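Below: the structure, in structure tokens.
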Amino acid sequence: MEEPRAEGPQATELGAGVDLYWLPLGAGGHSVRLNGRVFEAMVARREGRPRLDLYHSALVVHVPPDGRFAIEQGPAGRGDGSARGVVSGGAVGSRWLGRFRLFRYELRCWRDGVIADLAEAVDSPCLLTSDAGSAQRVLDAAPAVPTAVWGRDELGTGEMWNSNSVIAWLLARSGIAVDSIEPPAGGRAPGWQAGLAVARREEGLPGSAAHTT
């Protein structure tokens, strides 16, 4: 079992592997950043703790000889989704609103794709594994990610489902060590535990996500 490393070689330098990136919520978008700050202020006040920075996670997976794949959940785009590696999608806010593109998200597993604002990532990349088999399992699992409504707790985990849930689910279901993964100091990743909880439930595990080499 490989523990994640925030510093050191990236997957691309090792030929195969999975890199995790922590992007500040709303990087490059003022409205999303403002809404995130308001949300965090409300939650922090309710929980009686200081406000923390919010992070959105994404993956870059290298699988020779197929190449590099960018995995990220984001707003649904226009045109042919296959051109940007879209493998699934779902509704934002409610299933009824999901009839409109503005209220839909998509999950991209994009060969040679782009992750917006990657240059703003903090304490990244974090190399999670350099095992080619584990990297391939991440790619294979991407189309099977649950497509719960974004921002709701449809799956009964006690936490809303969002982009962090997707990444956490993918890693756990692919057998990559997840229990020691944490966002940068002074920050949190809402939705992360929801992804782990659903993965544990699907694997029939009582306490923590599966760990394999």
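Derivation of every value follows stated rules applied to the coordinates shown; laboratory data play no part. No experiment lies behind these values; they were computed from the predicted model shown. All Cβ positions, even for glycine, are placed from backbone atoms using ideal geometry, and neighbour counts span all protein chains on display.
FRET efficiency for E47 and R111, Cβ-Cβ distance as r, R0 = 45 Å, nearest 0.05? For E47 and R111, the calculated efficiency is 0.65. Along the positive direction of the dipole of region 11-203 (beta-carbon charges: Lys, Arg +1; Asp, Glu -1; about the Cα centre), which of G158, L54, G85 reaches farthest? So the residue furthest toward the plus end is G158.
Calculation over all alpha carbon pairs of region 11-203 in 5 angstrom steps from 0 returns a P(r) of 1, 8, 16, 21, 22, 17, 10, 4, 1, 0, 0 percent. Dipole size of region 11-203 about its Cα centre, with +1 on Lys/Arg Cβ and -1 on Asp/Glu Cβ: approximately 840 debye, rounded to the nearest 20. Computed over region 44-136, the P(r) tail beyond 22 angstrom holds 45 percent of alpha carbon pairs. Counting charges near L59 (Lys, Arg +1; Asp, Glu -1) among other residues having Cβ under 9 Å from its Cβ returns a value of -2. For region 151-206, a simple Cβ point-charge model (Lys and Arg +1, Asp and Glu -1, everything else neutral) yields a dipole of about 40 debye relative to the Cα centre. Rounded to the nearest whole Hz, the Karplus-based 3J(HN,Hα) values (6.51 cos²θ - 1.76 cosθ + 1.60, θ = phi - 60°) of region 61-66 follow the sequence 10, 10, 9, x, x, 5, with x at glycine and proline. Electrostatic tally near R137: other residues with Cβ closer than 11 Å to its Cβ, Lys and Arg +1, Asp and Glu -1, net -1. Counting Lys and Arg as +1 and Asp and Glu as -1 over every other residue whose Cβ lies under 12 Å from the Cβ of I115, the net charge comes to -2. Selection among A177, F69, G191 by position relative to the dipole of region 11-203 gives G191 as farthest towards the positive end (Cβ unit charges, Cα centre). Computed extension length for R201-R95: 35.8 nm, one decimal, from 0.36 nm per residue of separation with the Cα-Cα distance subtracted. Computed about its Cα centre, the charge dipole of region 76-179 is approximately 580 debye, with only Lys, Arg, Asp and Glu carrying charge at their Cβ.
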